[in-house]
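Report on one structure; see the data block that follows.
The values are calculated or read from the model by the stated rules, or taken from the named source; none is laboratory data. In this text, all values refer to a predicted model and were calculated from it rather than measured experimentally. Every residue, glycine among them, receives a Cβ derived from its backbone with ideal geometry; neighbour counts consider all protein chains shown. These accessible areas exclude ligands, DNA and RNA; they are computed on the full protein's heavy atoms, side chains included. Shrake-Rupley method; radii C 1.70, N 1.55, O 1.52, S 1.80 Å.
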Amino acid sequence: MDPDSVKSTLSNLAFGNVIAAAARDLQKEMVAKDKAQAAPASHDEVDLDELLDDPELEKLHAERIAALKKEAEKREVLKRKGHGEYREITEGDFLGEVTSSEKVICHFYHHEFYRCKIMDKHLKALSSVYVGTKFIKLDAENAPFLCVQTGNQTLPCVILFKKGIAVDRLIGFQDLGSKDDFSTRALENILKMKGIIDEKKKDDEDEDDESESKNRRVRSSTAQDSDSD
């Protein structure tokens, strides 16, 4: 046999053995890596089980449930007092309405005044959001005695009551830029600043932003349909 041929054959065999060994090493490395990745996953599962059985977590969960239940019960009590909606009352109802709740917003209006209708729209939108405050309205034409007693000379007039005492008021649209196209958010911010409605949580604000965006899309779609007609 040709010496050179034998040398070449041995060289090829040696190279093949090196490749095979490298392949085995790579396979071992991949298996070890898979085991290493599987181990933390198993550990996480054990930690999760332990976390679910954590008495501190169970205590926090129970306290959260109790707080939510208490808040729901409070909302129901307020709703029975007329909160959560925008209602019309009579002059005879007035005293009982403003003294039976801690915070009350009363709109003195005239059914023929355009600006009173604008105020109605915004107060109605806020009434279902801020259940902690009672929202009511009173036809000034049918409540002459109260209009004199409260000094109402300009409509719309929104009087803010705390524990039955008038603490502030909005006369016309003076606090709203004296313009008819103010937003519900603008009125909301003024009422917050005056302390007659509570600050909302971030989650509530996000929901409101989403709702307001949806309403804008609906109005835009309605306007486009109207234009096409």
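Key figures
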{"quantity": "Pairwise label distance in nanometres, Glu91 with Asp139, each label 7 Å out on the Cα-Cβ vector", "calculated": "1.2 nm"}
{"quantity": "Amide hydrogen neighbours beyond the local backbone of Arg169, cut-off 5 Å, H modeled", "calculated": "Leu160"}
{"quantity": "Shape of the range 100-192, Cα gyration tensor, a/c cut at 1.5", "calculated": "oblate"}
{"quantity": "Average Cα contact separation per residue, the range 84-194, under 8 Å, 6 or more apart, as relative contact order %", "calculated": "34 percent"}
{"quantity": "Difference of contour (0.36 nm per residue) and Cα-Cα distance, Ala186 to His61", "calculated": "41.3 nm"}
{"quantity": "Entries in Lys74/Lys117; Lys81/Lys194; Lys69/Lys134; Lys59/Lys163; Lys81/Lys179 that, when Cα-Cα distance is taken, lie over 28 Å", "calculated": "Lys74/Lys117; Lys59/Lys163; Lys81/Lys179"}
{"quantity": "Cβ-defined net charge surrounding Lys74, 15 Å radius [Lys, Arg +1; Asp, Glu -1]", "calculated": "+3"}
{"quantity": "Residue-normalised accessible area of the range 84-194, expressed per residue, 1.4 Å probe, Å²", "calculated": "49 Å²"}
{"quantity": "Label-point separation in nm, Met193 to Glu73, each point 7 Å along Cα→Cβ", "calculated": "3.8 nm"}
{"quantity": "Under 11 Å, Cβ to Cβ, from Ile89 - net charge with Lys/Arg +1 and Asp/Glu -1", "calculated": "-2"}
{"quantity": "From phi via Karplus (6.51, -1.76, 1.60), per-residue ³J(HN,Hα) for the range 140-149 in Hz, x at Gly/Pro", "calculated": "4, 5, 9, 9, x, 5, 5, 4, 5, 5"}
{"quantity": "Antiparallel bridge percentage (DSSP; both residues within the range 84-194; nearest 5)", "calculated": "55 percent"}
